[in-house]
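Working notes, beginning with the structure itself.
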Amino acid sequence: MSRGALVKGPDARGRFGGYGGRFIPETLMAAVEELEVAFDAAQRDDGFRRDFESLSRTFSGRPTPIYRADRLSQRAGGATLWLKREDLCHTGAHKINNALGQVLLARRMGKRRIIAETGAGQHGVAVATVCAKFGLDSEVYMGVDDMARQAINVDKMRLLGATVTPVDSGSKTLKDATNEAIRDWVTNVRTTHYIIGSAVGPHPYPVMVREFQSVIGREARDQMLAETGRLPTVVVACVGGGSNAIGIFAPFYDDPVRLIGVEAAGRGLRSGAHAASILAGRPGVLHGSFSYLLQDGDGQVLATHSISAGLDYPGVGPEHAFLHDARRAEYVSVTDQQALSAFHETSRLEGIIPALESSHAIAYAMTLAAELATDDIVLINLSGRGDKDLDIVRGAAGV
Amino acid sequence: MFARLRAERRLALIAYLTVGYPKLALTPALVEAAAGAGAEAIELGIPFSDPLADGRTIQATSQLALKAGVTVAHALEAAKAARARTEVPLLFMTYLNPILAFGLDRFCRAAHEAGVDGLIVPDLPPTESADLRKTADNAGVDLVFFVAPTSSEAGIEAACRAATGFIYCIAVTGVTGARAQLDPAVLPLIQLVRRHTALPVVVGFGISRPEHLAALEGKADGAIVASALLDAIAQGPDDATARVREFLTGLRPPP
Ligand SMILES: Cc1ncc(COP(=O)(O)O)c(C=O)c1O
């Protein structure tokens, strides 16, 4: 397999290797086809690209810097750690990149109403933000458990004019919020665009989200070359649905750079209370695509657990399933406790409070750095900031 | 499946039951009761944890059945037991993942052996269906596809080309669940579908009242009643078989 093929993927049916596809009710079929056509046209349209780039700069605050985390590196002992500062994006996470791209597409398609699901609330806040900016109606579905643990983001969404609709079915977290968003879409598909928040869902969502998030990796690659004169040895990112990871990975596909995705091990992979879809799941179909999935022997989707709401999801984007099987990326996991330690260490040693999601990437990077040589470089995607997580952290250990 | 009815140009009444609702042991008896009360085919829903084309009612019945431990193997046994009691066509309706987990080939053969005549898989569009179509065909079970009010002409054509058994015509832009009104826009949709296929055209989603059936009589070949029937079962603590009989005969009085 040539590496170039990775970047171009998926094929015409939306398949990354065998993964992906379009497993959706017929009612949504025409809308998803319309979206694919609109996305293809937008990608070829210089005007669209200009709008996206200009707003990324003036509204989202791009480019975000890369930052050499000296004290964290010292603590880890070994390779030098660099952080890609997506926490400095407007709204506090990488989610704005995708929300902005998709809202521009929705406008092109003439859709006046936007719906979204959210777990940590970062995607919901990003969607509420771009909808406020463009004067569009937005409704965000969120599990009631997540509304409780990420309450600040619920307030923000409402402040921004979004309707936040509680979802109390099933696990009461991201999976069920996604189910409800899809049911809304099935009902209001003629007027409504669904902004999925990660690199999941039916084709063309996974490739579209990757393209909008790839700005992270393109910037980081140029910045590493400019700051250090070389590419990183390893790139590390946390993986919920996989959007921040795919965004930083994709521009490095052709480079001799290790790519490592960090899944949430929750209370441990053997505890059953985790969200490590690739490490502990089997391929299956959920939310429109075929990918690794935490499921029981009967094909029922399992309940998940992670201290971070944004990683608390039983599926994963199909491109990650492919990267895993093709051995182009490695997937590992980090427990709640390890992520919490990294959260505290990054706060104390660097003056940066990371999101609990991103803390998973930091935790693994620190372990890895200790095993690498001192002239190796580990680039970590710091996907978001941790203000939203203070209640959880206080509850877990005390600030 | 509905050759006789089409010859008579009469609307077939199709009843949907969630396997294991309200209790697994009752499912075969409920099938028999529905058939006795005028249902000319029965859809057996195999519960799935994430039924994203379903509204509140079927979400709730599925959750209840799953909590009680109902599996695909149970559904196969229930179908077999139902088949021993009645001759009406039986269809499984479930999402793709439980079928994938069971194994396409193993599932289709087991369904056929249990006396199941067809499969309905709401998250499987024709474009993704090549494998299941082949295994279903080999096992001798029909595979039904959907058309919706939002379908493109190409989508309708694809469903008609892929389907065996019948075409499932979705009456509403939305998820399952009883509705007060039947959208008259379904009638031209049926006409459009008939231009692409000689297969029977069956209407479902939202159907709950006698006047809905009356509106479809002579236009469609069948009508599926699901959530409204399950709602009727849910309303009574008493005998579920009596509820099924009562609801279905109320929906369409025996001739
Ligand atoms: C800061 C942050 N990082 C990561 C994630 C996980 O999502 P993904 O895997 O799509 O990047 C989330 C999701 O809410 C998030 O808020």
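Listing for the model above:
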item: For chain B, size of Cβ-based charge dipole, Lys and Arg +1, Asp and Glu -1, in debye; result: 280
item: Equivalent ellipsoid semi-axes, the range A:337-385, via Cα gyration tensor eigenvalues times 5, rooted, Å; result: 18, 11, 10
item: Calculated from backbone phi, Karplus (6.51, -1.76, 1.60) coupling profile of the range A:312-319 in Hz, x at Gly/Pro; result: 7, 8, x, x, 7, x, x, 5
item: Karplus (6.51, -1.76, 1.60) ³J(HN,Hα), θ = phi - 60°, over the range A:85-98, in Hz, Gly and Pro reported as x; result: 8, 5, 5, 8, 4, 3, 6, x, 7, 5, 4, 4, 4, 6
item: Alpha-carbon centroid distance for the pair the range A:323-399 / the range B:176-255, whole angstrom; result: 54
item: Positive-end extreme of charge dipole, chain A - chosen from A:Leu286, A:Met366, A:Val207 (charges on Cβ); result: A:Val207
item: Sequence-separation-based contact order of the range A:271-399, relative, with Cα cut under 8 Å and 6+ spacing, percent; result: 18
item: Hits among aspartates and glutamates - C-alpha to C-alpha of B:Lys134 under 13 Å, sequence gap 8 or more where chains match; result: B:Asp105, B:Asp142
item: Computed over the range B:30-145, Kirkwood Rh from alpha-carbon pairs, angstrom; result: 14.4
item: Exceeding the 18 Å Cα-Cα cut-off - candidates A:Lys111/A:Lys133; A:Lys175/B:Lys23; A:Lys95/A:Lys388; A:Lys133/A:Lys172; B:Lys23/B:Lys80; A:Lys95/A:Lys156; result: A:Lys175/B:Lys23; A:Lys133/A:Lys172
item: For B:Ser49, distant residues with modelled amide H under 5 Å away; result: A:Val301
item: Simple Cβ-charge dipole of the range A:1-117, Lys/Arg +1 and Asp/Glu -1, about Cα centre, in debye nearest 20; result: 400
item: Dipole magnitude of the protein assembly as shown, debye to nearest 20 (Cβ charges: Lys/Arg +1, Asp/Glu -1, about Cα centre); result: 520
item: Potential extension, B:Glu217-B:Ala25 segment - 0.36 nm per residue separation minus Cα distance; result: 65.7 nm
item: Positive-end residue of B:Ala110, B:Thr18, B:Pro98, charge dipole of the range B:1-111 with Cβ unit charges; result: B:Ala110
item: Distant-in-sequence amide H partners of A:Ala329 (H built 1.01 Å from N, under 5 Å); result: A:His324
item: Per-residue mean of C-beta atoms belonging to partner chains within 10 Å, peptide B:132-139; result: 0
item: Pairwise FRET efficiency - A:Ala397 versus B:Asp183, Cβ, R0 = 51 Å, nearest 0.05; result: 0.40
item: Alpha-carbon centroids, the range A:182-249 and the range A:141-164: separation in whole Å; result: 22
item: Local electrostatic count at A:Leu349 - Lys and Arg +1, Asp and Glu -1, tallied over other residues with Cβ under 12 Å; result: 0
item: MRE, 222 nm, helices only [DSSP H, n ≥ 4, -39500 (n - 2.57), over the protein assembly as shown, to nearest 500]; result: -13500 deg cm²/dmol
item: Per-residue mean of C-beta atoms belonging to partner chains within 10 Å, peptide B:225-233; result: 0
item: Among A:106-119, A:383-396, A:203-216, the order from most to least packed when residues are scored by Cβ within 10 Å on average; result: A:203-216, A:106-119, A:383-396
item: Contour excess over end-to-end distance, with Cα ends at A:Glu371 and A:Asp70 and 0.36 nm allotted per residue; result: 106.7 nm
item: Percent of beta bridges antiparallel (DSSP, the protein assembly as shown, rounded to nearest 5); result: 20
item: Test item: B:93-105 mean partner chain Cβ contacts at 10 Å; result: 4
item: Under-5 Å amide H pairs with A:Arg15, H placed in peptide plane, nonlocal only; result: A:Gly21
item: Convex hull volume per residue for the range B:1-88, taking Cα atoms only, in Å³; result: 103
item: Square roots of 5 times each gyration tensor eigenvalue, C-alpha, the range A:209-299, largest first, Å; result: 30, 15, 10
item: Hull volume in cubic angstrom per residue (convex hull over the Cα atoms of the range A:146-220); result: 140
item: Per residue Cα convex hull volume in Å³ - calculated over the protein assembly as shown; result: 146
item: Relative intensity, log₁₀ I(q)/I(0), of the range A:254-399 from a Debye sum that treats every alpha carbon as a point, q = 0.09, 0.13 Å⁻¹; result: -0.29, -0.60
item: Of A:Val127, A:Val235, A:Val189, the one that fluctuates the most in a GNM where chain A has Cα springs shorter than 10 Å; result: A:Val189
item: Inter-probe distance in nm under a simple model that places probes 7 Å from Cα toward Cβ, at A:Arg327 and B:Ala242; result: 6.7
item: Most to least packed among A:321-334, A:278-291, A:156-169 [average Cβ atoms within 10 Å]; result: A:278-291, A:321-334, A:156-169
item: Overall Cα dimensions of the range A:310-372 - principal axes, largest extent first, Å; result: 38, 29, 17
item: Cut-off 10 Å between beta-carbons: net charge of the residues surrounding B:Leu13, Lys and Arg +1, Asp and Glu -1; result: +1
item: Radius 10 Å from Cβ of A:Val239, net charge of other residues (Lys, Arg +1; Asp, Glu -1); result: -2
item: Positive-end residue, the range A:135-239 charge dipole about Cα centroid, Cβ charges, pick of A:Thr228, A:Ile152, A:Gly217; result: A:Thr228
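Each value in this text was obtained by applying a stated rule to the coordinates, not by laboratory testing. Since this is a predicted model, take the numbers as computed values, not measurements. Cβ sites come from the backbone with ideal geometry, for glycine too, and all protein chains shown count toward neighbours.
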